[in-house]
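Scroll down for the structure; my scribbles are underneath it.
The values are calculated or read from the model by the stated rules, or taken from the named source; none is laboratory data. The shown structure was predicted, so the numbers you read here are calculated from the model rather than taken from an experiment. Positions of Cβ are generated from backbone atoms using ideal geometry, with glycine treated the same way; all protein chains shown enter the neighbour counts. Quick note on the areas: whole protein, heavy atoms, side chains included, nothing else; ligands and nucleic acids left out. Shrake-Rupley method; radii C 1.70, N 1.55, O 1.52, S 1.80 Å.
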Amino acid sequence: MSYAEHHRLVEDFLEEVRELQAQGIDRERLKTIAARLAQLAEHRDLFDLAHFPVPGPDAGKTAHRYRFNDHGDEAPTLYLNALLPGKKTVPHNHETWAIIVAIQGQEFNRVYRRRDDGSDPTFADLELEREVTVEPGTIIEFLGDDIHDIRTEGSQPTLHFHLYGRPLEALDGRFGVSPEGRVQNYNRSQMEPSVAVPRA
């Protein structure tokens, strides 16, 4: 499949997502969008490690996050995360809705609830609520205030779609929580730049 065909496939999907988002987002509508994203992930001949490689051995990082579109700071944005074993994050929110769908591999998610009332902007008291292994056939969805962390294990790379209601780069209110409960701005302290989608 050429880049133009691949681009059209993604654009058609995102147009449908924008129409669904315009109707308002709740957990049921997230499931509808997630089902469509799972259909996109079935194109494993297109979305694979040959097209979206993980970082090389000398890159000094454990992930590439490929960004597919730029429709402005208020538009749904699709990424593909190519993760090496050993990738992990601190617990964090997204500030917007989010869906993770696997193409290949496993991403271990822990989902938390806050025990504090959020009145102290520098501290969060988190309690583990559930654990979800995102792999082909298992999807996870989040609203903006939901908090989770991820890790990848084993010996095989992971390829997962991450779809957000707004681009990650525009989310100034995302926060991460250290093991001691210290709150920090996630984008400034944790997030690396996205990578352009290869055109070859």
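Of all residues being among the hydrophobic types (A, V, I, L, M, F, W, C) and assigned to a strand (DSSP E or B) in segment 164-200, which is surrounded by the fewest Cβ atoms within 10 Å (Cβ to Cβ)? Just the residue, please. Lay out the reasoning, then the answer.
Filtering segment 164-200 down to residues among the hydrophobic types (A, V, I, L, M, F, W, C) leaves 168, 170-171, 175, 177, 183, 191, 195-197, 200.
Narrowing further to those that are assigned to a strand (DSSP E or B): 175, 177, 183, 195-196.
Numbers: Phe175: 20, Val177: 22, Val183: 16, Val195: 17, Ala196: 9.
By that ranking, first place goes to Ala196.
If you go through segment 59-68 one residue at a time, do you hit one that is under 25 Å from Arg182 (Cβ atoms), within 16 Å of the chain's Cα centre (by Cα) and at pLDDT below 90?
Taking segment 59-68 and keeping what is under 25 Å from Arg182 (Cβ atoms), we get 61-63, 65.
Still in the list and also within 16 Å of the chain's Cα centre (by Cα): 62-63, 65.
Then keep just the ones that are at pLDDT below 90; that gives 62.
Yes; the residues of segment 59-68 include at least one that is under 25 Å from Arg182 (Cβ atoms), within 16 Å of the chain's Cα centre (by Cα) and at pLDDT below 90.
For segment 92-116, enumerate the residues that are of a type in the set (Asp, Glu), touching a residue at least 40 places away in the same chain (Cβ under 8 Å) and not in a strand (DSSP E or B).
Taking segment 92-116 first, the residues of a type in the set (Asp, Glu) are 95, 107, 116.
Within this subset, residues satisfying the condition of being touching a residue at least 40 places away in the same chain (Cβ under 8 Å) are 95, 107.
The answer is Glu95, and nothing else.
Against the condition out of contact with any His (no Cβ under 9 Å at 6 or more places or on another chain) and open to solvent by less than 40 Å² (accessible area, probe 1.4 Å), how does Leu49 come out, does it pass? Lay out the reasoning, then the answer.
Working: out of contact with any His (no Cβ under 9 Å at 6 or more places or on another chain): yes; open to solvent by less than 40 Å² (accessible area, probe 1.4 Å): no.
The answer is no for Leu49.
Out of (1) over 13 Å from the mean Cα position of the chain (by Cα); (2) β-branched (Val, Ile, Thr); (3) open to solvent by less than 30 Å² (accessible area, probe 1.4 Å), the odd one out for Ile147 is which?
Of (1) over 13 Å from the mean Cα position of the chain (by Cα); (2) β-branched (Val, Ile, Thr); (3) open to solvent by less than 30 Å² (accessible area, probe 1.4 Å), only one is false for Ile147: (1).
Just for segment 1-16: of the residues that are touching a residue at least 12 places away in the same chain (Cβ under 8 Å) and among the aliphatic types (A, V, I, L, M), which one is most open to solvent (accessible area, probe 1.4 Å)?
So the residue we want is Met1.
Could you list, ordered by first residue, the pairs with Cβ atoms under 7 Å in which the first is in segment 150-163 and under 21 Å from Phe47 (Cα atoms) and the second is loosely packed, with under 15 Cβ neighbours inside 10 Å and of a type in the set (Gly, Ala, Ser), at least 6 apart or interchain?
Close Cβ pairs (under 7 Å, with a partner that is loosely packed, with under 15 Cβ neighbours inside 10 Å and of a type in the set (Gly, Ala, Ser)) amount to Thr152/Gly86.
One line per residue, one yes/no per condition, for (1) among the hydroxyl-bearing types (Ser, Thr, Tyr); (2) in contact with a helix residue (DSSP H, G or I) (Cβ under 9 Å, 6 or more places away or on another chain):
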residue: Glu28; (1), (2): no, no
residue: Ala34; (1), (2): no, no
residue: Asp58; (1), (2): no, no
residue: Tyr66; (1), (2): yes, no
residue: Ala75; (1), (2): no, yes
residue: Tyr79; (1), (2): yes, yes
residue: Leu83; (1), (2): no, no
residue: Asp116; (1), (2): no, no
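Condition first: assigned to a loop (DSSP other than H, G, I, E, B), over 21 Å from Ile147 (Cβ atoms) and open to solvent by 20 Å² or more (accessible area, probe 1.4 Å). Can you find one or more residues in segment 17-27 that meet it?
Checked against the condition, which is being assigned to a loop (DSSP other than H, G, I, E, B), over 21 Å from Ile147 (Cβ atoms) and open to solvent by 20 Å² or more (accessible area, probe 1.4 Å), segment 17-27 yields at least one hit.
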